[in-house]
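A.B. asks: Next up is a structure, given as C-alpha cells.
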Amino acid sequence: MTSRQIRQQFLDFFKNKEHRIVQSSPVVPFDDPTLLFTNAGMNQFKDVFLGNGSREYKRAADTQKCIRVSGKHNDLEEVGHDTYHHTLFEMLGNWSFGDYYKKEAIGWAWELLTDIWKLPKERLWATVYKDDEEALALWKSETDINPTHILKFGEKDNFWEMGETGPCGPCSEIHINVGDDLENPDLVNAGSPECIEIWNLVFIQYNKDENGKLNELPAKHVDTGMGFERVCAVLQNKKSNYDTDVFTPIIDEIVNLSKVKYDKEEDRIPMRVVADHIRALTFAIADGAVPGNDGRGYVLRRILRRAARYGRKINLKDPFLYKLVDVLAKAMGDVFPEVLEKKEYVKKIIKAEEDSFNVTLDRGIELFNEIINKLNAQKIKVIPGKDVFKLYDTFGFPVDLTNVMAREINFGIDEDGFNNLMNEQKLRGREASKDKFASVNVTLNDLSGFELLDSKPTVFTGYDELKSKAKIIGIKHNSENTLVILDKTPFYVESGGQVDDLGQLVIADKVFNVIDVTKIDNQVIHVLNSNNTDLLKTGMEVIAELDEVRRWDIMRNHSVTHFLHKALRTVLGSHVQQAGSYVGPDRLRFDFTHFAKLSVDEIQTIESIVNEQLRKNIPLSHHRNTPFEEAKKMGALMFFGDKYGDKVNVVQFGGFTMEFCGGTHVHNSSEIGLFKILNESSIASGIRRIEAVTGVGVEKYIHYQQEQLKKSEQKIDELLDVKKKLEKEITELRIKEKLEQLDHILSLSSEEKEVEIFKGKVHADSMDELKSFGDEIRNRIKSGVGVLIAQIEDKVGIVAVVSDDLIKNKKLSAGKIVGELAKLVGGGGGGRPHLATAGGKDVQHISLALSKVEKIVGSFL
C-alpha cells in the first residue's frame, strides 16, 4: 500500500466507527502558550480533557502534524542517525470524549492492525501500566494476542503525560517485532530497531497540577497516537522509515542535487537528516513560525542550521534546502493544503536563512577546527564552554550543532559551562532593561506588606469609562511611593503590547498622580508619588480618572493595528502574522512575518486601504467574555502575545477585521483620524516592522514635515546663492585660463611664406567654447592665421581663423584650411573664409595635425 492509502484506511476505519474526521490543527499552537509546537494529536482537545471546553461530537479521528524537538519530547539528536526518529511526524489518532473507554480502544486497535492491515499477530506485543489490571484483562478478553506478549511497565514507559503539567494517565502501547527473535520480551521498550512501538493507547483520567498531584478528570477519555511513518515502514516492509514513499521523493531530489548516491551509511545519515528537517521547517513556516533567536524561532533556526551543516557532507555548500520545498509540497499538498498554498513564501524564508548562515558557516568551521587542533595538542577531549559559547555567539552555531560536530570526532562539549555563560548573558540583558518599576523604585513579587480589606480581583471598568468611583481595598506606604489597590479601576495594565494608563486618584480636593500600574493576583496596583499620601486609608472612596487625552491616543493607535494587520494580509498575503507590537500614545509599532522589504507602492497601498476603512465610520463591535471555542468559530484571528483563557474578548470593525484582543479601543473607525506609516524595516530574518502614527500623531508629523520643508527651502535658497557665487567665480577663472592659453599661443607664432601663423592645443568643453576661442584670437591678431585644436570628451575639435587682409590679398580661406586639417584626424568640416570649424574622431592624431598647419596654409599661398 502507498502511504496515502494507509492514511486513508485509518481514517475510513474510524469513520465507520462513528468518529468525526477532523482537520489537523496547525503545528504552531498560537492558542496554547504552554507549547512551542504541537507535539501530539490531543493538543487541540486539551480544553476538553481539562473540562474547560466541549465539542459537538464525542468521537474523533485525524492525522495530526507534530514537531518534537525540545523539552520532554526531544528527538533531535537521534534524527538521521537512526531510521525511525523524526522532528516532524504525522500522528494518526482516535479519541473518545467521555464516550467509549479501554475495551473499545483495545479491541478496535487490534482489529485494524490484524484484520484490516493483516499484520502478523505473532510479531505484535502489548504493554500496560504496572497497576492497570483492567487493561491487562481486556487485552486477554478482547483480542487473541499471545498472552505472553502482554508485558507490564512502570511510569517511564507506560504512564503518559503531555508535559510537566496537564492531562495524563496510564497507557497501553503496541509494539511490533520486525527482527528474527520473535519471542524475546527483552526487546520490548529497549529502544531496539528490531522491536518498535507503533501505537500508543492513552487512557486519560487525571490532570497533573504544578505540585505534581494527580486530580481525577470530570470524565474519562481515550487518546491514541500511531506513528504514521513507522506504520508505513511496517506495512511497506521497509527496514527504515526513510525508505517509504513518505520520504523517498525528498531523498531522490537530494541525490539529484548533490550527485551523491544513497548507498553508503556515511552519505545516508546526512540525507536522512536533511529529508527530515526540511519537513519540519516547511510545515512550521507554512503555519506561521519564522526562524529567529528565541522560542520556537530559535528551534527552527537550530534545525535549519543543522540541516545546512549536514548538507556540506554531501557536497551541498550553496543554499539548497529551499529547493526541496517543491517536492515536499507536491507529495503532501493534497493532505495538508497549506504547504502547497504557502510554498513560495516558505522557500523565500528558508533561502534567506541559508544565505545568512552560509556567510558565517565556513568561518565557524575554521574556528571549530582551530579549537580541536589546540585541544588535541593538549590531549583534551572536551570542548570548553567558553569555546562552545563563542561558536554560538559569534558564528550562530547552536549548541547541538557543535555537539554533533564534536561527537563525529569523538569529542564532548562542556554544556554546563556553555549554559552558565548563556545565563550570564541573559542576566546582563535583564540588567540592561530593568523592570518597569525601577523608575519608581518598586519591586513587587507578591502582596506582602499590604494592608488588605479584600482579596477579590480588581474589576476593570476601562472599556466603558475613563473615570470610576472606587474604594481602596489595599494600601502599602513606602518611603518613595505609595501603592494602592482599588476594588475597580479604569486603569489598563500593560498587556498585549498596549502600555499602562496614567492619571490620578482624587479624594475631595486632593489629587494624587498615578505614575504607574501593575497587577498581582488579578489585583491592580496603582503607584503614587508619596507626597501627602499618609491620609489615604483602606475603605476610603476615591475617583480614579485617567489622563483622557493620553488614553484616547493609545486607543487610536491600538485600534488601527487591527486595520493594519488586515491590510497587510490583503496586500502581502495570508502568511502575514503579527509577531509583536507596541501601542503607546505617541506611536504604534507592528512586527509581522514577511520575507522581503516592502516596496513604496505596497506601503502606499496599505496606507490607502487603512485610511479608506477609517473614513467609513465603522462602529466597534466589542464581543467580551466570549467562550474561546465560540470566538474561534466566529472566525476571529488570534493575536500574538496574548494568553487566552476560557473567555476572551473579540474586537470587530464591521466585516473588515475581527481579532482576539484584550485592549481598549475607539467606538468607531473615524475616531482614529488619519493613519500614516513612518518607517518600515527588518528586525530579524523573516520579521518586518512598521512604525506609524494616527490622530494627533499625524498632526505632529505634518507640522514636523512643514518645519523640515521650511528649513529645506531656506537651505535651498542658501545653496542657490552659493551656487551663483561659485558659477561666477568659475566663469572668471575660465576667462582667466582662456586668456592665459591664448597669450601663450600668441607668443609662439611661426611663419610660412611671409604669413604669420598662431597655433596650439587648448582646453575647451564644447565646440561653442572652442569657437569663442577662435573669435578671441582673431580679434587679437592684426594679420595672420590662427588654428586651435581641443579634445572634447573623446573627439577632436578644430577651429581656424584668417585675418581680413589675408582673405583679400592672399585669397586664404579658414574653411579650406580646417577641411584639410580635419582629414588628418579622421573627420571633416568647413566654413566661412574668416572662421571655420571641423571635427574628427582620432584624438591620437591631434599633435600630427598641429605639426602640419604650416604646410597646409602654405599649400594655399
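A.B. asks: Is there any pair with a first residue in the stretch 544-572 that is basic (K, R) and a second that is in a helix (DSSP H, G or I) whose Cβ atoms are under 6 Å apart and which are 6 or more apart or on different chains, and what are they?
C.D. replies: Cβ pairs passing all conditions: R556/I672.
A.B. asks: Could you pull out every one of the strands (runs of 3 or more DSSP E) wholly within the stretch 794-861 that has 3 or more residues that are closer than 22 Å to K753 by Cβ and under 60 Å from the mean Cα position of the chain (by Cα)? Full working, then the answer.
C.D. replies: On the way: elements: 795-802, 828-831, 835-840.
The strands (runs of 3 or more DSSP E) meeting that bar number zero.
A.B. asks: Scanning the stretch 620-638 for residues that are outside any helix (DSSP H, G or I) and among the hydrophobic types (A, V, I, L, M, F, W, C), which turns out least open to solvent (accessible area, probe 1.4 Å)?
C.D. replies: The residue in question is A636.
A.B. asks: Turning to a different aspect of this structure: So, of the residues in the stretch 377-414 that are within 21 Å of A307 (Cβ to Cβ) and among the acidic types (D, E), which turns out to be farthest from the chain's Cα centre (by Cα)?
C.D. replies: Here the answer is E408.
A.B. asks: Of the residues A289, A284, A219, A280, only one is part of a loop (DSSP other than H, G, I, E, B), more than 19 Å from H175 (Cβ to Cβ), of a type in the set (A, V, I, L, M, F, W, C) and in contact (Cβ under 8 Å) with a residue 40 or more places away in the chain; which? Outline the logic, then answer.
C.D. replies: On the way: A284 fails: part of a loop (DSSP other than H, G, I, E, B); A219 fails: part of a loop (DSSP other than H, G, I, E, B); A280 fails: part of a loop (DSSP other than H, G, I, E, B).
Answer to the check: A289.
A.B. asks: Further, regarding this structure: Do we have any residue at all in the stretch 592-599 that's over 30 Å from L453 (Cβ atoms), without any contact (Cβ under 8 Å) to a residue 24 or more places away in the chain and open to solvent by 30 Å² or more (accessible area, probe 1.4 Å)? Break it down stepwise before answering.
C.D. replies: Initial filter on the stretch 592-599 (over 30 Å from L453 (Cβ atoms)): 592-599.
Add one more test, that the residue is without any contact (Cβ under 8 Å) to a residue 24 or more places away in the chain, and what stays is 599.
Retained after the next criterion (residues that are open to solvent by 30 Å² or more (accessible area, probe 1.4 Å)): 599.
Scanning the stretch 592-599 turns up at least one residue that is over 30 Å from L453 (Cβ atoms), without any contact (Cβ under 8 Å) to a residue 24 or more places away in the chain and open to solvent by 30 Å² or more (accessible area, probe 1.4 Å).
A.B. asks: Quick check: is even one residue across the stretch 194-204 open to solvent by 40 Å² or more (accessible area, probe 1.4 Å) and closer than 23 Å to W160 by Cβ? Give the steps one after another, and end with the answer.
C.D. replies: Going residue by residue through the stretch 194-204, those that are open to solvent by 40 Å² or more (accessible area, probe 1.4 Å) are 194, 197.
Still in the running and closer than 23 Å to W160 by Cβ: 197.
Checked against the condition, which is being open to solvent by 40 Å² or more (accessible area, probe 1.4 Å) and closer than 23 Å to W160 by Cβ, the stretch 194-204 yields at least one hit.
A.B. asks: Inspect the stretch 149-156 for any residue being charged (D, E, K, R), closer than 28 Å to Q64 by Cα and open to solvent by 50 Å² or more (accessible area, probe 1.4 Å) and give the result as yes or no. First the steps, then the outcome.
C.D. replies: Filtering the stretch 149-156 down to residues charged (D, E, K, R) leaves 152, 155-156.
Restricting the remaining residues to those that are closer than 28 Å to Q64 by Cα gives 155-156.
Right, trim to open to solvent by 50 Å² or more (accessible area, probe 1.4 Å) and you get 155-156.
Yes, that holds for at least one residue.
A.B. asks: Would you mind stating whether N617 is over 30 Å from V48 (Cα atoms), in contact with a Pro (Cβ under 6 Å, 6 or more places away or on another chain), open to solvent by 30 Å² or more (accessible area, probe 1.4 Å) and in contact (Cβ under 8 Å) with a residue 24 or more places away in the chain?
C.D. replies: Details: over 30 Å from V48 (Cα atoms): yes; in contact with a Pro (Cβ under 6 Å, 6 or more places away or on another chain): no; open to solvent by 30 Å² or more (accessible area, probe 1.4 Å): yes; in contact (Cβ under 8 Å) with a residue 24 or more places away in the chain: yes.
Judged against the criteria, N617 is not a match.
A.B. asks: Limited to the stretch 811-832, what total is found for residues that are surrounded by 18 or more Cβ atoms within 10 Å (Cβ to Cβ) and out of contact with any Asp or Glu (no Cβ under 9 Å at 6 or more places or on another chain)?
C.D. replies: First, pick out the residues of the stretch 811-832 that are surrounded by 18 or more Cβ atoms within 10 Å (Cβ to Cβ): 812-822, 824-825, 827, 829, 831.
Those left that are additionally out of contact with any Asp or Glu (no Cβ under 9 Å at 6 or more places or on another chain): 812-822, 829, 831.
Total satisfying the criteria: 13.
A.B. asks: Another question, if that's okay. Among the residues of the stretch 85-109, how many are in contact with a Phe, Trp or Tyr (Cβ under 9 Å, 6 or more places away or on another chain), closer than 17 Å to V231 by Cβ and either open to solvent by 10 Å² or more (accessible area, probe 1.4 Å) or modelled with pLDDT under 95 (or both)?
C.D. replies: Count: 4.
A.B. asks: List every residue pair whose Cβ atoms sit under 8 Å apart, with the two residues 6 or more apart in sequence or on different chains, where the first one lies in the stretch 342-353 and is at pLDDT below 90 and the second, anywhere, is of a type in the set (V, I, T) and surrounded by fewer than 22 Cβ atoms within 10 Å (Cβ to Cβ).
C.D. replies: That search, which allows pairs on different chains as well, returns nothing.
A.B. asks: Now for a separate question. Just checking, how many residues over the stretch 750-782 are free of Cβ contacts under 8 Å to residues at least 60 places away in the same chain, in a loop (DSSP other than H, G, I, E, B) and touching a Gly at 6+ places or on another chain (Cβ under 7 Å)?
C.D. replies: So the answer is 1.
A.B. asks: Here's another thing I want to ask about it. Just one of the numbered conditions (1) open to solvent by 10 Å² or more (accessible area, probe 1.4 Å); (2) in contact (Cβ under 8 Å) with a residue 40 or more places away in the chain; (3) out of contact with any strand residue (DSSP E or B) (no Cβ under 7 Å at 6 or more places or on another chain) is not true of C232; which one?
C.D. replies: Exception for C232: condition (1).
The values are calculated or read from the model by the stated rules, or taken from the named source; none is laboratory data. Source: prediction; values computed, not measured. When we count neighbours, we look across all protein chains shown, and the Cβ atoms used for this are built from the backbone with ideal geometry, even at glycine. Calculation scope for accessible area: heavy atoms of the full protein, side chains included, ligands and nucleic acids excluded. Shrake-Rupley method; radii C 1.70, N 1.55, O 1.52, S 1.80 Å.
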